[in-house]
Amino acid sequence: MADLDTLALALPHATKELSDDGRPSYRVHGKLFCLHRGLRPDALDPETGERLGDVLMFRVADLDVKELMLADDRGIFFTTKHFDGYPAVLVRIPQLERLERDELEELVAEAWLTRAQKRVAKAWLAEQGIS
């Protein structure tokens with residue numbers, strides 16, 4: 001989670017807000033790109049049936065990207081019915097350690113790019129040497 005915080009807040013205009021129970025959400029220009037979800041009835045532990053309190057939501061570019069990520073053989077990414085038709089993937093916090101740091105960095109940056117203003121995103125991409 002410390003890496004997530006560092007990576008998200010390094011992006012231009014990114015901000016962090018904490019919910020009443022301390023769960024972070026990350027925004028750019030007021031638009032959500034990543035969030036630590038609260039307990040929801042749609043995300044249950046398959047073994048215990050208890051609501052999961054360790055779920056992060058990341059925006060993705062579109063539903064095709066979402067499907068590619070969900071097809072990852074490692075099983076890191078998942079979704080729920082709540083997110084059907086919505087460009088986002090879910091990750092349980094303990095699964096973050098299965099991602100290489102550069103993968104996490106790409107996941108956060110891609111989420112940020114979906115919400116950043118086009119001119120800000122274009123400038124950031126140019127700084128990164130990505131066209």
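The values are calculated or read from the model by the stated rules, or taken from the named source; none is laboratory data. The model shown is predicted, which means the values in this text are computed figures rather than measured ones. Cβ placement follows ideal geometry from the backbone for every residue including glycine, while neighbour counts extend to all protein chains displayed.
Residues of segment 31-50 that are of a type outside the set (Asp, Glu) and over 16 Å from Ala109 (Cα atoms): His36, Arg37, Gly38, Leu39, Arg40, Pro41, Ala43, Leu44, Pro46, Thr48, Gly49.
Of all residue pairs spaced 6 or more apart or on separate chains, those with beta-carbon atoms under 7 Å, a first member in segment 41-54 that is without any contact (Cβ under 8 Å) to a residue 12 or more places away in the chain and a second member that is surrounded by 15 or more Cβ atoms within 10 Å (Cβ to Cβ) are Pro41/Arg51; Leu44/Arg51; Leu44/Leu52; Asp45/Leu52.
Taken together, the residues in segment 16-31 that are surrounded by 13 or more Cβ atoms within 10 Å (Cβ to Cβ) and hydroxyl-bearing (Ser, Thr, Tyr) amount to 2.
Return the residues of segment 1-23 that are at pLDDT 95 or above and touching a helix residue (DSSP H, G or I) at 6+ places or on another chain (Cβ under 7 Å); say none if nothing qualifies. Within segment 1-23, Leu7, Ala8, Leu11, Pro12, His13, Ala14, Lys16 qualify.
Each residue in segment 81-128 was checked for being assigned to a loop (DSSP other than H, G, I, E, B) and over 18 Å from Leu7 (Cα atoms), and 5 of them qualify. Among residues of segment 15-40 being touching a residue at least 12 places away in the same chain (Cβ under 8 Å) and hydrophobic (A, V, I, L, M, F, W, C), the one that is nearest to Asp62 (Cα to Cα) is Phe33. Among the residues here, Ile93 does not qualify as without any contact (Cβ under 8 Å) to a residue 24 or more places away in the chain and either of a type outside the set (Lys, Arg) or surrounded by 13 or more Cβ atoms within 10 Å (Cβ to Cβ) (or both). Taking segment 2-56 and the strands (runs of 3 or more DSSP E) fully enclosed by it, the elements with 2 or more residues that are of a type outside the set (Ser, Thr, Tyr) and in contact with a Pro (Cβ under 8 Å, 6 or more places away or on another chain) are at 14-18, 31-36.
Given the condition in contact (Cβ under 8 Å) with a residue 12 or more places away in the chain, buried (at least 18 other Cβ atoms within 10 Å of the Cβ) and either under 15 Å from the mean Cα position of the chain (by Cα) or farther than 18 Å from Leu35 by Cβ (or both), answer yes or no: does some residue in segment 116-128 qualify? Yes, segment 116-128 contains a residue that is in contact (Cβ under 8 Å) with a residue 12 or more places away in the chain, buried (at least 18 other Cβ atoms within 10 Å of the Cβ) and either under 15 Å from the mean Cα position of the chain (by Cα) or farther than 18 Å from Leu35 by Cβ (or both). In segment 78-90, the residue that is farthest from Leu39 (Cα to Cα) out of those that are surrounded by 13 or more Cβ atoms within 10 Å (Cβ to Cβ) and of a type outside the set (Ser, Thr, Tyr) is Pro87.
With respect to the stated conditions, Leu7 is crowded, with 16+ Cβ neighbours inside 10 Å, touching a Lys or Arg at 6+ places or on another chain (Cβ under 9 Å), more than 20 Å from Tyr86 (Cβ to Cβ) and not aromatic (Phe, Trp, Tyr).
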